[in-house]
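Asks: If you scroll down you'll find the structure; I have some questions about it.
The values are calculated or read from the model by the stated rules, or taken from the named source; none is laboratory data. Treat the numbers as computed from the prediction; the structure is a model and nothing was measured. Cβ placement follows ideal geometry from the backbone for every residue including glycine, while neighbour counts extend to all protein chains displayed.
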Amino acid sequence: MTDAEALKRDAAAKALTFVEDGMRLGLGTGSTAKHFVDLLAERVRGGLRVIGVPTSEVTRKQAESLGVPLTTLDETPELDLTIDGADEIDPDLNLIKGGGGALLREKIVAAASGRMIVIADQSKMVDALGRFPLPIEVNMFGLAATRRAIETVLAKAGCSGPISVRTKADGHVFVTDGGHMILDAACARIPDAAGLASRLHSVPGVVEHGLFIGLATFAIIASPGGAEIVG
Ligand code: 5RP
């Protein structure tokens with residue numbers, strides 16, 4: 001395992017100490033959340049009783065293959081705890097998420113949870129959000145018009161960097177689990193993340209965006225010195 005993967009696993013292991021028998025869990029997506037699901041599965045094999053709602057098809061397949069019991073938000077609309085990674089974390093615990101393309105389900109699941117613990121290595125901590133391109137999930141219908149409206153909103157928010165349609169390694173357009181596309185907006189720095197979050201929601205065609213404002217309860221940040229709670 002590389003040093004970076006070891007740090008992610010440290011954060012995931014510490015998050016597991018907050019999981020109690022009988023909990024209803026939101027299971028995040030991404031390489032850090034994948035470690036958490038691996039470790040959770042070990043505890044489940046040891047007798048821990050939990051039930052999870054996965055935030056993506058990738059996580060659903062992983063959890064299923066490891067024997068973690070799963071449910072849906074339709075069957076279990078209130079969760080105790082979600083554990084998920086992030087692409088950026090600011091000092092107020094506002095996040096950019098969606099690097100793995102699962103932002104829509106991740107936000108729905110986090111919002112349905114009593115608490116959200118963010119797990120990450122120290123590289124994800126930033127002074128201000130925006131260096132990581134902001135993922136914006138959009139309906140395929142009317143893409144050009146939606147994109148123009150998003151550009152206007154972003155420019156007013158001080159983000160005038162390029163917007164790109166997310167593609168896969170093979171060059172094909174990336175399609176989310178919900179059947180939408182993702183526009184990645186290069187901002188460099190987002191001065192008012194909460195304001196931009198609500199203005200993006202006013203654009204018809206925007207399904208969701210990767211600004212997670214006020215959703216994280218605390219973060220577990222791993223560095224070579226150990227995994228520490230932030231917030
Ligand atoms: C997926 C996400 C991930 O949590 C985020 O991209 C972090 O991933 P990783 O743990 O692989 O760095 O938001 O949509």
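Asks: Would you pick out the residues in the range 17-54 that are aliphatic (A, V, I, L, M), within 16 Å of the ligand (Cβ to nearest atom) and in contact (Cβ under 8 Å) with a residue 40 or more places away in the chain?
Replies: Passing the criteria: Leu25, Leu27, Ala33, Val53.
Asks: Tell me, please, whether a residue that is at pLDDT below 95, surrounded by fewer than 20 Cβ atoms within 10 Å (Cβ to Cβ) and part of a loop (DSSP other than H, G, I, E, B) can be found in the range 162-176. Lay out the reasoning, then the answer.
Replies: Initial filter on the range 162-176 (at pLDDT below 95): 162.
With surrounded by fewer than 20 Cβ atoms within 10 Å (Cβ to Cβ) added as a condition, the list becomes 162.
Adding the requirement that they be part of a loop (DSSP other than H, G, I, E, B) leaves 162.
Yes, there is a match, as at least one residue in the range 162-176 is at pLDDT below 95, surrounded by fewer than 20 Cβ atoms within 10 Å (Cβ to Cβ) and part of a loop (DSSP other than H, G, I, E, B).
Asks: Now for a different question. Being without any contact (Cβ under 8 Å) to a residue 60 or more places away in the chain and buried (at least 16 other Cβ atoms within 10 Å of the Cβ) is the filter here; which residues of the range 109-130 pass it?
Replies: Residue satisfying the conditions is Val126 alone.
Asks: Among (1) more than 23 Å from Ala110 (Cα to Cα); (2) among the polar types (S, T, N, Q); (3) in contact with a strand residue (DSSP E or B) (Cβ under 9 Å, 6 or more places away or on another chain), where does Thr176 come up short?
Replies: Unmet for Thr176, out of (1) more than 23 Å from Ala110 (Cα to Cα); (2) among the polar types (S, T, N, Q); (3) in contact with a strand residue (DSSP E or B) (Cβ under 9 Å, 6 or more places away or on another chain): (1).
Asks: Sticking with this structure for a sec: Working carefully through the options Val138, Val173, Val165, find the one that is in the same structural domain as Arg189 (by the TED database), over 26 Å from Asp80 (Cα atoms), more than 15 Å from the ligand (Cβ to nearest atom) and in contact (Cβ under 8 Å) with a residue 60 or more places away in the chain.
Replies: Only one candidate passes the filter, namely Val138.
Asks: Okay, moving on. With Leu129, Leu93 as the choices, which residue is in a loop (DSSP other than H, G, I, E, B), of a type in the set (A, V, I, L, M) and in the same structural domain as Pro54 (by the TED database)?
Replies: The match here is Leu93.
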